[in-house]
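Heads up: the structure comes next, in structure tokens.
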There are 4 protein chains.
Amino acid sequence: MAVHHFQPKHYHNTIGAHEPVLKIADGDSVVTSTVDARGWDYRGESVAGRGNPMTGPFYVEGAQPGDTLAVRLESMVPSRDWGWTFNVLAPNVVDPLAVAALPPLDIVRWSVDAEQALVVLEKPTSGLAGLKLEARPFLGCFGVAPPKDQAISTATSGEYGGNMDYKGLVAGVTVYFPVFAEGALFHLGDGHAVQGCGEIVGTGVEISLDVRFTVQVLKGKTIGWPRGESDTHWFCIGNARPLDQALQHATTEMLAMLTKDYGLTASEASLLLGQAVEYEVANVFNPAYSVVCKVPKAVLSML
Amino acid sequence: MAVHHFQPKHYHNTIGAHEPVLKIADGDSVVTSTVDARGWDYRGESVAGRGNPMTGPFYVEGAQPGDTLAVRLESMVPSRDWGWTFNVLAPNVVDPLAVAALPPLDIVRWSVDAEQALVVLEKPTSGLAGLKLEARPFLGCFGVAPPKDQAISTATSGEYGGNMDYKGLVAGVTVYFPVFAEGALFHLGDGHAVQGCGEIVGTGVEISLDVRFTVQVLKGKTIGWPRGESDTHWFCIGNARPLDQALQHATTEMLAMLTKDYGLTASEASLLLGQAVEYEVANVFNPAYSVVCKVPKAVLSML
Amino acid sequence: MAVHHFQPKHYHNTIGAHEPVLKIADGDSVVTSTVDARGWDYRGESVAGRGNPMTGPFYVEGAQPGDTLAVRLESMVPSRDWGWTFNVLAPNVVDPLAVAALPPLDIVRWSVDAEQALVVLEKPTSGLAGLKLEARPFLGCFGVAPPKDQAISTATSGEYGGNMDYKGLVAGVTVYFPVFAEGALFHLGDGHAVQGCGEIVGTGVEISLDVRFTVQVLKGKTIGWPRGESDTHWFCIGNARPLDQALQHATTEMLAMLTKDYGLTASEASLLLGQAVEYEVANVFNPAYSVVCKVPKAVLSML
Amino acid sequence: MAVHHFQPKHYHNTIGAHEPVLKIADGDSVVTSTVDARGWDYRGESVAGRGNPMTGPFYVEGAQPGDTLAVRLESMVPSRDWGWTFNVLAPNVVDPLAVAALPPLDIVRWSVDAEQALVVLEKPTSGLAGLKLEARPFLGCFGVAPPKDQAISTATSGEYGGNMDYKGLVAGVTVYFPVFAEGALFHLGDGHAVQGCGEIVGTGVEISLDVRFTVQVLKGKTIGWPRGESDTHWFCIGNARPLDQALQHATTEMLAMLTKDYGLTASEASLLLGQAVEYEVANVFNPAYSVVCKVPKAVLSML
């Protein structure tokens, strides 16, 4: 149960079977840092190429294809006092006829006070002078090496995780990934200080983070898509386009969880989900969209 | 501000320019009843054709095309002690390859205790013996006459409302509809005692309701899609297939609300939505899916 | 086998259970006329409201729900020497990021020489000075009254036909519609002198037509979607959004045709379609898109 | 203008920056062979892993990011006398409610007579005893190394080409790929003896091929998606899910071709495409679907 302190010296813009930066044991924790989506670090200096540069990968001893890697997100703390966002709705989230009226793309800076958990615009125009958002830091892009020795751009996501941009993946949540490569090869980056559903301006408040996480290998447990557990819910994440397909993946994985892990029949799982399921649109911006299928623990505890 | 008591003698399976059952004034309330999606009334007797038979339409004096009709849902109370659902996930919410493993379609009955606000299976199989859900009654299908003298099946939905099956439309919420016909012609029906997001088994707990609502005409206020106000949120509903397009309609309408009603620029509205928007998948079953774009009042109050 | 000559005095902007303009017998032919999508007639005068005004409906004696109505398109001849189109790609057929660069919407006139079967721009800019297209007149919007006494805008389409804008529905083709109402109630209009696949500028070359068609009732034959027969192919049309769903409807209907009408097993039909099917994108502009699933008669003749 | 004869000894199941098997000059031709989608060679022996194993990559001297690689498909000849297909429609091409009635997945063998250009079932059931299809061999999966040093599974496709399964890519066609890596790194495989539109049983008639192709580097010419030229058409291929997005990519690329290469304004290109465009659904089975946007050379020659 060692705690490793690791400071990255290089980053990857794909998730793949890259040379591990560290080998860690099942149960170990890692204290490390991530740069923001453009490769800007805690000082605001560019130290990596654009497009969600990843810290890692970390090789987890004992993890093999067919296992599941659990990653408990112990803490994610902004390591600088500002972040940035785009300023305009992505053209794919409004009606095609409304696109022409959108303003030109620009970058806007926000102040981030990690202690007060506050995020405000640095130079708000009059309409937003009073806007104060609660910081809820999370990792936008993280996951394990994908199947078939692929190396896939950190712009997108899949069964292996990736750029899911799900605002629910905050500190205290445990995320489960299917393992496709020896050692799982865990990558992480793309921190956000806060974000709405869907990442509909194409960014959260992009920021560098100090991160602590703990890994656990679930030997012989095979899952199809990333799953997670928060204080209040179990959930499954599906990544695909369009939203309909992302929702299908997430629901199918939840059906598998309820039948395999909770012993329900397909009909019992359907009855439960029909009246108790919740969905979140994690992102509707990236090449693969992400939909989260959730069931309250309060409901699961009745089973 | 009269209160009208109206008991329906016939029902419509389309929403359209039907003969009004009652003319009411701006500000009036109506106490009435609805039958369930199959036309079964408070006694469980079949009194209307299948497919979301509608009570109404109610003609609201003064409402004209280009206005908005506000309908405050004062109360929706189950008028019998049981409801029914389907027992199996709709084939369009799971991966195509998972469809063949779904069980055959059947109908399942649930006990509904309106006083205790409890919904339980009448004859649960062992896996769901402990399942108790909180009743949260709402109308699955309601709205105003659509544009162009259309009469549209209550299976689907559009700018005029219709079969949106959004579980957030509970008592206390005010819903706003664009008016397309003289008198608006408000229809309502398809009560659900409770439902998960997405209506993914094709039903909520289908039930007959006693309903009380109050109308208000917003003269000269023109909106594009149904909007709503709850204790905690303002929201806009988009109805279309696929989910991507429903989300586009809902987001475009919210953009219109923020720029026209709150005076934000498109860029300010984008910045706000990007970091504070929430989405709900209301239904992913009907011919038109429904997505809800929400903004917390706590955020709007800062503007 | 009478031939009826009918000149319309009014038009409908929905397809529905409207009062018939004429009752005709099984086997009869009708010679009539249609105005263009904006209601402009053979003189270019506005005689009907915008949005695909329909000639009809024609009541076909003997046609009842569950039957099929065959409509042979004997001839469709432009009744004036000009048509019009929009000038810009619809925003939904290009990448969202490319929408902002499209020019503003305008209307452009084309000369139509029915005898020479030639369509050219009236005032071409230099880049298109040499462009000459072959006229291939067809009806963009036609069909029978939809199910459940609906009246549906002629902007869209469904199982009953409607605004399919399929350029393959030229003279000589027989189209088959499922009958949902007594007398079928056949409507027609929205003539195009020529059009590309997909109707991607939102119009074909919109024009008034002189039309001759012949009806036949196929008693007891039930189909699910419009079908057609040309010199070279049998085909089925699916109408829905997105394209994926339109394609699913068309393919499912073709599967039904091959198994029910040709006696193939589902596996035989699959083997045939897998290696011999053709698809056409009829329209990717209207509220419901249209996809055509085709099988060459040369292949069917081997069965 | 050398002609290289190359027989592969190993294969790749991703398209990426793999070690080149051969360096060739601009203008050179290559005579080589491909195995089928399951890695079965001309003898029917398994020599490579499942999933479209690729021959190559071939490094083309002088090709650099920002250039275009033209690949003329000189010949593709089946190298054995049988191929195989699946026997059942993919569940995503029929209505979700129709999926349960599809037969179980199986593999079926076809006889391929390359000289007579005939493809017939080896053991047809009675319904297909007379079925004879014309062989039209093509490569299902080929392309260049993708951007950002990615290595992407040969199951899918993108701007770099990949598993497009477009039946129009027959001998005589020239395909153009954007170059993302030094030397372009051209991969090829997944031969089909014949296939319908859409690859709707998940395969064409899968077969090993003898292939001859010629490369040409178009220095400084930058394109966004694969393009092609046949005897009769110019076309652009878009790869994505759903079909709507694939069609958007293909149409946007065609718009770019008409404005940049033919000097049309966006409005002229729109007018041309609106009345003359053709679409083909290349595949509606793979993780990314492929749609082809085509313009007849007969039309282009008028410009």
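Table for the structure above
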quantity: Filter result (within 20 Å of A:VAL291 (Cβ to Cβ) and free of Cβ contacts under 8 Å to residues at least 60 places away in the same chain) within the stretch A:131-177; calculated: A:ARG136
quantity: Helices (runs of 4 or more DSSP H) completely within the stretch D:230-303 that count 2 or more residues being more than 8 Å from chain C (Cβ to nearest Cβ) and among the aromatic types (Phe, Trp, Tyr); calculated: none
quantity: Any hit, the stretch B:20-34, residues being assigned to a strand (DSSP E or B), in the same structural domain as B:ARG72 (by TED's automatic domain parsing) and basic (Lys, Arg); calculated: yes
quantity: Top-ranked residue in the stretch D:3-49 [being farther than 18 Å from D:ALA184 by Cα and basic (Lys, Arg); ranked as surrounded by the fewest Cβ atoms within 10 Å (Cβ to Cβ)]; calculated: D:LYS9
quantity: Qualifying residue in the stretch D:76-85 (condition: away from chain B (no Cβ under 14 Å), closer than 20 Å to D:GLN216 by Cα and small (Gly, Ala, Ser)); calculated: no
quantity: Which numbered condition D:GLY62 fails, given (1) in contact (Cβ under 8 Å) with a residue 40 or more places away in the chain; (2) more than 7 Å from every other protein chain (Cβ to nearest Cβ); (3) assigned to a strand (DSSP E or B); calculated: (3)
quantity: Selection count where residues are within 14 Å of chain C (Cβ to nearest Cβ) and basic (Lys, Arg), scope the stretch D:162-213; calculated: 1
quantity: Residue match in the stretch B:217-227 (condition: over 25 Å from B:PHE180 (Cβ atoms) and not polar (S, T, N, Q)); calculated: no
quantity: Residue in the stretch A:214-227 that is within 13 Å of the chain's Cα centre (by Cα) and more than 14 Å from chain B (Cβ to nearest Cβ) present; calculated: yes
quantity: The stretch D:93-115, residues that are more than 30 Å from B:ALA100 (Cα to Cα), in a strand (DSSP E or B) and either more than 21 Å from the chain's Cα centre (by Cα) or free of Cβ contacts under 8 Å to residues at least 24 places away in the same chain (or both); calculated: D:SER111, D:ASP113
quantity: Hits in the stretch D:126-148 (condition: facing chain C (nearest Cβ under 9 Å) and in contact with a Phe, Trp or Tyr (Cβ under 9 Å, 6 or more places away or on another chain)); calculated: D:GLY127, D:LEU133
quantity: Looking only at the stretch D:72-92, and only at residues there that are part of a loop (DSSP other than H, G, I, E, B) and among the hydrophobic types (A, V, I, L, M, F, W, C), the one that is surrounded by the most Cβ atoms within 10 Å (Cβ to Cβ); calculated: D:LEU89
quantity: Tally, over the stretch A:203-222, of residues that are in a loop (DSSP other than H, G, I, E, B) and crowded, with 21+ Cβ neighbours inside 10 Å; calculated: 5
quantity: Hey, B:ALA90 within 14 Å of chain D (Cβ to nearest Cβ), touching a residue at least 60 places away in the same chain (Cβ under 8 Å) and in contact with an Asp or Glu (Cβ under 9 Å, 6 or more places away or on another chain) or not; calculated: yes
quantity: Hey, D:GLY189 part of a strand (DSSP E or B), touching a Leu at 6+ places or on another chain (Cβ under 8 Å) and crowded, with 24+ Cβ neighbours inside 10 Å or not; calculated: yes
quantity: Failed condition for D:PHE58, given (1) surrounded by 21 or more Cβ atoms within 10 Å (Cβ to Cβ); (2) aromatic (Phe, Trp, Tyr); (3) over 19 Å from D:THR154 (Cβ atoms); calculated: (3)
quantity: Those residues of the stretch D:99-121 which are exposed (fewer than 13 other Cβ atoms within 10 Å of the Cβ) and more than 12 Å from C:ALA266 (Cα to Cα), in sequence order; calculated: D:ASP106, D:ILE107, D:GLU115, D:GLN116
quantity: Selected residue [out of contact with any strand residue (DSSP E or B) (no Cβ under 6 Å at 6 or more places or on another chain), of a type in the set (S, T, N, Q) and either more than 30 Å from B:ARG241 (Cβ to Cβ) or modelled with pLDDT of 95 or more (or both)] from C:THR174, C:THR203, C:THR154, C:THR125; calculated: C:THR125
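The values are calculated or read from the model by the stated rules, or taken from the named source; none is laboratory data. Everything numeric in this text was worked out from a predicted model, so none of it was measured. Don't worry about glycine lacking a Cβ; one is built from the backbone with ideal geometry, like all the others, and counts go over all protein chains shown.
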